[in-house]
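Working notes for the structure below.
The values are calculated or read from the model by the stated rules, or taken from the named source; none is laboratory data. What you see is a predicted model, and the numbers here were worked out from it, not measured in a lab. Cβ: placed from backbone, ideal geometry, glycine included. Neighbour counts: every protein chain shown.
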Amino acid sequence: MALNSLRGGIEPDAHKKESSETPIRHVPLPSRLVVPLVQSSQESARTIITVGDRVLKGQCIGEAEGAGIAIHAPASGTVAEIGYYPMAHPSGLTSQAIVIEPDGEEHWITYEPLDPATASRDELILRIQASGIVGMGGAVFPSHIKARSKTETLLINGAECEPWITCDDRLMRERASAVVTGSAILAHLTGARQILIGIEDNKPEAIAAMRAAVCDMEPVALKCLDADKITVIAVPTRYPSGGERQLTRILTGIEVPPDKRVTGFGVQCFNVATAYAVCRALLHGESMVSRIVTVTGNVERPGNYETPLGMPIAELIALCGPKPGTTRILMGGPMMGFTLPSLEAPVTKGCNCLIAASAELFPPSEPEQPCIRCGSCVNVCPIELQPFEMYWSSRAKNFDSARQYHLFSCMECGCCAYVCPAHIPLVDYFRFAKSEIRARDEEQKAADQARARFEFRNARLGREKAEKAARMAAKAAETRAKSAGEAALIASAVDRTSAAARTPRDRQS
Amino acid sequence: MTSPHTRQPDSVQRIMITVLVALLPGIAAYVWQVGAGILVNLAIATAAALAAEALMLRLRKRPLWITLSDGSAVVTAWLIALILPSIAPWWLTVTGVLVAIVMAKHLYGGIGQNPFNPAMAAYCAMIVAYPALMSQWPSVDGADFATQVHLILGGSREIDGITGATALDAMRTGLRNQNDVHSILGTGVFGFAGGRGWEWIAAGYFVGGLFLLARRVITWHLPLGFIVGMGLMAGIFWLVAPESFPSPLFHLASGGAMLAAFFIVTDPVTGASSSLGKFIFAAGVGIIAWIIRTFGVYPDGIAFAVLLMNICVPLINRATQPAPVGKRKSP
Amino acid sequence: MTGIALILGAALGYAAVYFKVEGNPLAEKISALLPQTQCAQCGYPGCKPYAEAIVGGEAEINLCTPGGDDGMRLLAELLGREFKPRGAPVEKLKIVALIDEQTCIGCTLCIQACPVDAIIGSAKQMHTVVSRYCTGCELCLPPCPVDCIVLAEEPRTPQNWRWKYPATGLKVVAWH
């Protein structure tokens, strides 16, 4: 199969071997699990338990609201608290979370497994939502929304292009069969005619395991899609080949405009870990209560850990033995991840990797020098933007100009800042400009709305006043007519003196 | 501490050092063919550029070391030394460097902000201010090192037998005197393609340029644009009237054409940004340079051509702004 | 010559009538720059009346509190007037009114005061502020007989949190 090339891109040191050579390990339960109510990019869940309740592992503790997803107890135990805890977010803000104290029994509550061949599509999709499944690549977009839209081609993303991260690699090596089954179910749901599984060619074991799993598909998966419709494709190792649009282009040749979704082009893309979670939820009735996290960098025991959601990151890092010299913990990969402001934050569904950073592994950036427009950033931009022009505009806070240079097409992959010889933190400037523009747009919208409402209110008050006046006038006219009638009666009775008597009464009204 | 957390070990300094290294073959050919006097001029220019840069950074209250060590001033200095006659007196070189660093670079806001190529601005200022000195080019093997140094250090300019007409000068004078190209090329000034001896220096620049391309410091759009622009103009007229217009090869091998193609139009700060824009910019320089050489009063028009195209850069950028991926197909 | 002058004069006069702009365009422009909180802190009953007062030369441009220094800078630019600082700028979070629903007696006075109809409720019923529409103008505070309305900052969320301007060593040296 002919592959299309990624535009731009970089080849940073992979650092995969540190964590990819040991099997997935299970993590002992911590004393407290902190489960945030917001676990997706959509609405937060609605609490359905109260403090003191006993819960089982996998039990729903927050129901899905709107397009959001349900959340579940990651272990059996007692609800200890509902409070505010730090989020795994660069802002360091807190969010509402349910704290569960595990009892160590690990009693599961599982749903009735569904057979994709006989269950209705709606039933399957509702189960995906109720099981709390989101995109596990990091974007945490609810999977049921994507599963609902029909598509031609299903892409399963096993590229894992960021350096250091190996959780998808290990998952594919060890649980390929379930990944393939989950993919087939997703193809069944979306009506896809073929599945393309893209894996970077620096993971030969994962590619081999996935190919073997496709050759030896489970019966339940075969009911969803024929094995010959599934292709496992080795894609060249080049960051950011694992971006949704980049992988779409590499595997199908379709260039999706930055302002459109891939769905509109007959393509739908799921991460391998998402496919795995779908398989567990539908065929085994297990809600999403854990995920595989790569812990690597400056630690004694790097590797992949099957971690209960809600485990405080500090405890997970402590289990892996951080070495002296660890200055900070990165969440996500080194290209797009962020420094955790607080290690109290829990492991969430989008937490694919934690890297203990030291000055040796991640040297502090050198001082920023002036841009010489050398064009290195243009050559590596996978979206073919002109990062340095966006930088000049953003730095000068010339936001209109930044927008004209397609600032909002930027996905912040960091290739430009990676190669910049002047050590300019380009992505920082883009993030700043984007959030300023968004805030200004919001303010503008609010001001327009306030003006419209103010003017409407004035118009309404004016109209009410006019109506009141009209009513009064009508009433007065009525009174006048009435009195005129009475007067006429009197007049007829008292004869001709009436005309003189009416005049002052008129003046009064 | 924000993403990306890891960076490629690259720097402006490395780029500038690569450019300096790429100039070495041309400089070696210069020394071999014309004499080691150029090395003295290079040293003078370098010292003047670093001093001027340091002074301006101090006056503008900018961090000194980070910009001084990036090598950009040295690149400007070397280019100025190479485009001025190598027996020019020291003060001419120093004045040129000061114009470049102080006026063309720092008065516009320093590295990255200047709209005009500093070396070219310096050349234009010098040729307007000192036309006589700027036309005294040493002839090949015309003067030994001691004489060259004597002239550079401001000694009395007894230059008979030391200087000679450059290839472009000889061609221009010959054509003005109603001679045809073929008979002009028969005189002793010319070699295989351009000026005798000087064509080797051009070859040296060409080799250095290939090195820059291989190291991805420059992209092919700029040198190719220049060569296409100048070659196309020269080629059309040469095909129509070969007796009165010299060949494209002559133009490309003479004067500063090769230096311009690989080292001057490739200045990123003052050039266009997109690939297409770069090609248009460089082709424009080539075309204008050919027009000035052929119809203008100055022997070589590259410096003026570069400044003219520098003015057009915002226009070119606006017209050639590339669409992001996925935007091209839908109108 | 006189003929030309007359013709041109007639043309100009005709154009003035034909292209007559409805309303006061400058006031519209100024109004567009004002934050539309309708708070009346400037002493005029709303943003548009204040804009008209500026055009009429009755009001200074530094009376708009919610607009702050940024807003005044825009006004100064538009009108070519001198910028008059109002004090240190603070990063503003949106301020909204909150009604303490336990204390509210349902008098509807705040509903009548709200310039943007952001308070709902009816007589003898508890009132509430639709924070999406609230501009934080404080006009509902004085009429309340039981002082049950407070102004509070909207909570910070990842949605309204902003990335800071990148600060690096070079610029610190360069700018100060």
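Selection over region A:397-409 of residues that are outside any helix (DSSP H, G or I), without any contact (Cβ under 8 Å) to a residue 60 or more places away in the chain and not hydroxyl-bearing (Ser, Thr, Tyr) gives a count of 2. Counting only residues that are facing chain B (nearest Cβ under 10 Å) and assigned to a loop (DSSP other than H, G, I, E, B), region A:352-396 holds 21 of them. As a summary of the residue check, A:ARG173 satisfies the conditions (1) in contact with an Asp or Glu (Cβ under 8 Å, 6 or more places away or on another chain); (2) modelled with pLDDT of 95 or more; (3) crowded, with 23+ Cβ neighbours inside 10 Å except for the one numbered (3). Scan region A:422-446 for residues that are more than 7 Å from every other protein chain (Cβ to nearest Cβ), assigned to a helix (DSSP H, G or I) and aliphatic (A, V, I, L, M) and the total you get is 4. A:ALA450 - would you say it is at the interface with another protein chain (Cβ under 8 Å from one of its Cβ atoms) and either modelled with pLDDT under 90 or more than 25 Å from the chain's Cα centre (by Cα) (or both)? Yes. Within the set B:PHE250, B:PHE226, B:PHE263, the sole residue that is under 19 Å from the mean Cα position of the chain (by Cα), farther than 22 Å from B:PHE192 by Cβ and in contact (Cβ under 8 Å) with a residue 60 or more places away in the chain turns out to be B:PHE263. Note on region B:221-272: residues that are closer than 20 Å to A:ASN379 by Cβ and in contact with a strand residue (DSSP E or B) (Cβ under 9 Å, 6 or more places away or on another chain) amount to 0. Filtered by the rule that a residue be over 18 Å from the mean Cα position of the chain (by Cα), within 11 Å of another protein chain (Cβ to nearest Cβ), surrounded by fewer than 24 Cβ atoms within 10 Å (Cβ to Cβ) and part of a helix (DSSP H, G or I), region B:10-39 gives B:GLN13, B:ARG14.
Taken over region B:45-59, the criterion of being surrounded by 22 or more Cβ atoms within 10 Å (Cβ to Cβ) and away from chain A (no Cβ under 14 Å) is satisfied by B:ALA45, B:ALA48, B:ALA49, B:ALA52. When residues in region A:321-340 are screened for being away from every other protein chain (no Cβ under 14 Å) and either touching a Ser or Thr at 6+ places or on another chain (Cβ under 6 Å) or crowded, with 23+ Cβ neighbours inside 10 Å (or both), 1 of them pass. Per the listing A:VAL38, A:VAL51, the residue uniquely within 27 Å of the chain's Cα centre (by Cα) and assigned to a loop (DSSP other than H, G, I, E, B) is A:VAL38. So in region C:54-90, with the set limited to residues that are part of a helix (DSSP H, G or I) and surrounded by fewer than 14 Cβ atoms within 10 Å (Cβ to Cβ), which one is modelled with the highest pLDDT? By that ranking, first place goes to C:GLU77.
Kindly provide the set of residues from region A:22-81 that are among the hydroxyl-bearing types (Ser, Thr, Tyr), farther than 18 Å from A:VAL134 by Cβ and touching a Leu at 6+ places or on another chain (Cβ under 9 Å), ordered by number. Matches in region A:22-81: A:THR47, A:SER76.
Would you check which residues across region A:1-42 are farther than 18 Å from A:TYR84 by Cβ and charged (D, E, K, R) and list them? Within region A:1-42, A:ARG7, A:GLU11, A:ASP13, A:LYS16, A:LYS17, A:GLU18, A:GLU21, A:ARG25 qualify. Of the residues contained in region C:147-156, one or more are found to be facing chain A (nearest Cβ under 10 Å) and either loosely packed, with under 13 Cβ neighbours inside 10 Å or over 19 Å from A:ALA452 (Cα atoms) (or both). Scanning region B:213-248 for residues that are aliphatic (A, V, I, L, M), away from chain A (no Cβ under 14 Å) and not in a helix (DSSP H, G or I) returns a single hit, B:ALA241.
Listed here are the residues, each with its yes/no results for (1) out of contact with any His (no Cβ under 6 Å at 6 or more places or on another chain); (2) of a type in the set (A, V, I, L, M, F, W, C); (3) within 14 Å of another protein chain (Cβ to nearest Cβ); (4) in contact (Cβ under 8 Å) with a residue 60 or more places away in the chain.
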{"residue": "B:ILE280", "(1), (2), (3), (4)": "yes, yes, no, no"}
{"residue": "B:GLY296", "(1), (2), (3), (4)": "yes, no, no, no"}
{"residue": "B:GLY301", "(1), (2), (3), (4)": "yes, no, no, no"}
{"residue": "B:VAL306", "(1), (2), (3), (4)": "yes, yes, no, yes"}
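A single entry from A:MET210, A:MET217 fulfils the requirement of being touching a helix residue (DSSP H, G or I) at 6+ places or on another chain (Cβ under 6 Å), buried (at least 24 other Cβ atoms within 10 Å of the Cβ) and farther than 29 Å from A:TYR405 by Cα: A:MET210.
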